[in-house]
Structure formats: C-alpha cells, structure tokens
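Nothing in this text is a laboratory measurement; each read-out follows from the coordinates by a stated rule. Here the structure is a predicted model, which is why all the values come from computation and not from measurement. Cβ sites come from the backbone with ideal geometry, for glycine too, and all protein chains shown count toward neighbours.
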Amino acid sequence: MPTVREASFDLFRARGMTTMFGNPGSTELPMLAEFPADFRYVLGLQEAVVVGMADGYAQASGRATLANLHTAPGVGNAMGAIFNAQANHSPLLITAGQQARAQITMQANLTNRDAIRMPQPLVKWAYEPPRAEDVPLALAHGAHLASLPPRGPVFVSLPMDDWGAAVDEADARHAIERTVSGRATADPEAVRALAARLERASNPVFVAGPDIDASGAWDAAVGLAERQRLPVWATPAPGGGRIGFPENHPNFRGVLPPAIGPVAQTLEEHDLILVAGSSVFPYYPHIPGPLLPEDAELIAITSDPDEAARAPMGAAIVADVKLTLEALLEAVPESARPAPEPNPGPQEIPASDPLDSSTVHSALAEVFPEDGIVVLESPSSTLALRNQLRLSRPGSYYFSSGGGLGFGLAASVGVQLAQPDRPVVCVLGEGSAQYAITAFWSAVACKTPITFLVLGNAEYAILKWFAEVESVQGAPGLDLPALDVASVAEGYGVKAHRVKGRDEVRDALAKALASSRPELVEVPVAPGMALF
C-alpha cells in the first residue's frame, strides 16, 4: 500500500502542482523527506514571503499552488499575506505542520492549539484530518475548493507523524483521479434581459474589473465595448489587482476614484453602469455621497456570490465572467451610438529635481517590453504608472487587492517563475519593500531576471495623502529617513544601480531588463502623490 506521502505527492503531480513554496520547520520535515526530483521547492526566508510568492505564482499561472508553512508561528507570520491572497482570489492550498498526534492533546511544544480556527476568516476552508489515512482526501478537497469560484486560499493542518502511514490504494486512487469543475454559465434569460437593457440605454458605461483578466475574458470585454460603443473605466485602484481592459484602447477613460461620492460624480452622465469582474466597489477612503448618479442603473457580473450579495446597490448576475461576457457579446447587436471620444495618450511630465514619480514611469514606459509584466507596490504612484505605461495585454499587471503591504516584492518572484518567458518589472516604494525584504534572497536563489524599480521619497506618501483626506494632523511615523534599499538588496546578491536623472533612469532600466539575473534600480523622487 502507498504511504500518505506517496499518495499526496501523486495527487499534487496529477493536478500540476509540482512547484511548492515553503519555509521548512521541524514539523514539516517528514512531509519533505525524499523530496521528488520532478518537484521544485522554492524557499522563502519568512512565511509572509512564502505566501506572497505563491500568490503571485497562482495568479500568473492560473493554477492552484502549494504553500507550506511551519505550524502555528508560521501561520501567524503569514496571516497578512493570506489576507491579500483572499482579496486577490488566489487559489492557494496552504498546508502547515502540526505536532505528532500523540502529543497534540498535551499541547507539546509547537502544537497548533486550534489549527482550524487560526487562519479563519481569511480562508475558504480550514481542516485537520481526523486520521492519517484521510490526508490525501483532505488535500484533494482543499485543492478543489481553492480552484472553484470564487477562487481563494484554503488551509490544511497536517500532523507530522502522518506521512509514513499506509493508505488504501483504491481510496488514494479515487482521491487522485477525481476532477471537479465549476465554471457556471449565466441564466440565458438574464443575459437576454441585460442585452436588451444595454441596447435601450442612452449613455451606458462599462467598468472593467480584475476577474476579466483572471477568467480569460479580455477579448470578450474588448469586443463588447467596441460593439456597443462603450466608454470603459477600470475599477478603483485599491481593489484593482489586475487590469481587465487594454489601457491604450481608444474607449478607455481611466481608473475610477476609490470613494463613494467621487465614483458617482465620475459616472454622473451615464444611465446604465455595467460592471464586470469586480466588487461594487472597492471603496477607500470614506468620502460620502450618492451611491449612483440620479436615475442611473447598475448591473454587475461576478463569479463571487458574496460580492453580489454585499453590494449596496444595483442588480447582479452571479456566473463566470468570461462565459457571461461571451454570451452577452453574442446577444447584442452593433450599436448605433457614436463611439466614445478617443482617449488621449499619457501626459508629458516636465523635468524636475528630484524627479517626479510620473517622470520615472515615463522613462520606464520608453524601455518597457511589449510583453512585459508589472508587479506594483508603490501606492503613491499607482495611478502615475498606469497613466504612463497604458498596459494593454492580458496578465500584465498584478497589485494587491487587499491593500496589505508585502505583496509586491514577494509576488514578483512567483510571477516570474510562472511566466519565465516574459520580463517582469517590480515597482516598489522604499517603505513597501521592507515588508518582504527577504524576497530579494529568493529572487537571487531562483535566478529570476526581475527588474526591481524602487522609488525613494523618504516618506509614507500615501499615508500623508490619507491624513489630508481624513483631516489628521501631527500623526507620527510618516517619514522614512535613511532607508537604503539598494544596499540591502546588494547584501542579498541583487546587483543595484543608484540613479537620479531621467536619462540615467531610462538607461539603467534598459540595462536591467536585458540582464539574465535580478537587478535593482533605485531612484530618489519628490515627495507626494503622483497622478499622471
């Protein structure tokens, strides 16, 4: 009979889950014994980095991904990253070791006293198998759930002495060979009604969310916007972890502001607001106002029942975003409405000393490869980057929908491993970099040719902006003097360049992008938010 370990690795193999992100501890070593040669183990030096790398890999590969943590302390270290993974709808199978079964009741050292409850409510499902023989089926259960809509992380606690136990061969085979699929089509009548409502609208607008990219609905979204002459806005940046529409397209208008009143004001001329692949809406900060423009109607398409249920206004269709947009595209005729006014290109930014973040991103735009990917964690220059780069290919942008820092640096490693043939640029604020700083080591160890662009403004600029919005004065801890990310990165083995002028930035980025190893470009920039 096969052992639990043998059956479990056969299960992972059958599902294409042969890359494992982990930080091994004593309770995980039995799982990792005789590690198979056809698997890849990606070491993170801290568990938040482990989950962040797995998050990026899962999103960029589209597959359920393994993250292995060290019992209770490791899960605790990873909680912020699990929060981000939940918001990103990342299909992660997170496992953690547990004390030997004979010592759980006496709470011997490193026992996770309440393993099932600890990661909640940040996971879709949490479980500790009651018997060693149940481990393969529990792992299969978790992998299926993580991959079903709405995708998200699950957690399985695994006692360390289970791995050598024997399992029934037939039971293991059933667990390994099962498939579970879950792309639900919309009610045809709901699609027909939406098509008719769209055609009747005098001035409809389309809001594109991250699940358009995640579900593979890019072409359908573009086709619908073109056939129905729809202006297109991106969902507000705080919740826009991916780009759902080409931002160089003439129908594209920009990124919606992230607050209640400003969203309604931005959309006030429209009588029908069609939202696809987004919550309605990822607001922050709280700027009150009407939820919708007067006499406007909103209809959302989402694969997440909770997103549909919790929206404060409008109707919703709960179904796969790609399948629904494809059906809607089939159901609507070519509209007689005039096409939206073409969207102007990026604004030209005047030179400054120190450089404005927008100028840095305009320099990046000059050398950014057509098939490049951006992983972003520079909150104060998010809009500037999108306005300058106008990213316009599927799978080209990753940002933490949860807003928790530490995602970008770690996720870029996972994204590059999942997309080895596409160049990855990780754009960071020098403050954001500190939350996952050890990921530099993983980038070097994995030989990932990531280009890190670090913007140094010596402050938490986004927090100073929030302080103005929230009328807060005298808050401590908003300045970041003397951070030197380049030196830290060099200590981990990343080649670093410190540059100042615009031409220097462009040339250093071009050189880093041509490199076969990770390189970093650090640029001092003027303080404050950059919007263009």
³J(HN,Hα) computed for each position of the stretch 453-470 - Karplus, 6.51 cos²θ - 1.76 cosθ + 1.60, integer Hz, glycine/proline x: 10, 10, 9, x, 10, 6, 7, 8, 4, 5, 6, 5, 5, 4, 4, 5, 4, 8
Packing-based ranking, highest mean first, of 294-300, 75-81 given that Cβ atoms within 10 Å are counted: 75-81, 294-300
The chain: relative contact order as a whole-number percent, Cα under 8 Å and 6+ apart: 14 percent
Dipole of the stretch 437-532, positive direction: furthest Cα of Thr438, Leu463, Thr451, with charges on the beta-carbon: Thr451
Listed candidates (i) 69, 59, 44; (ii) 83, 66, 49; (iii) 85, 62, 41 - label of the one calculated as Cα extents along the principal axes in Å: (i)
Fewest-first sequence of His144, His89, His174 by Cβ atoms within 10 Å of each Cβ: His174, His144, His89
Among the listed pairs Lys124/Lys322; Lys124/Lys495; Lys124/Lys464, those beyond 31 Å (Cα-Cα): Lys124/Lys495; Lys124/Lys464
Mean separation of Cα contacts under 8 Å (6+ apart) over length of the stretch 119-162, as relative contact order %: 51 percent
Antiparallel content of DSSP bridges confined to the chain, in %, to 5: 5 percent
Amide H contacts under 5 Å for Leu92, placed H, 5+ residues apart: Thr65, Gly152, Val154
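For the chain, what is the mean residue ellipticity at 222 nm derived from helices alone (per DSSP H run of n ≥ 4: -39500 (n - 2.57); sum divided by total residues; nearest 500 deg cm²/dmol)? Mind dumping the intermediate values first?
Numbers: 20 runs with 192 residues, N = 532.
Result for the chain, helices only: -10500 deg cm²/dmol.
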Karplus (6.51, -1.76, 1.60) ³J(HN,Hα), θ = phi - 60°, over the stretch 64-81, in Hz, Gly and Pro reported as x: 4, 10, 8, 10, 10, 10, 9, 5, 4, x, x, 4, x, 4, 8, 4, x, 5
For Val454, distant residues with modelled amide H under 5 Å away: Leu428, Val521, Glu522, Val523
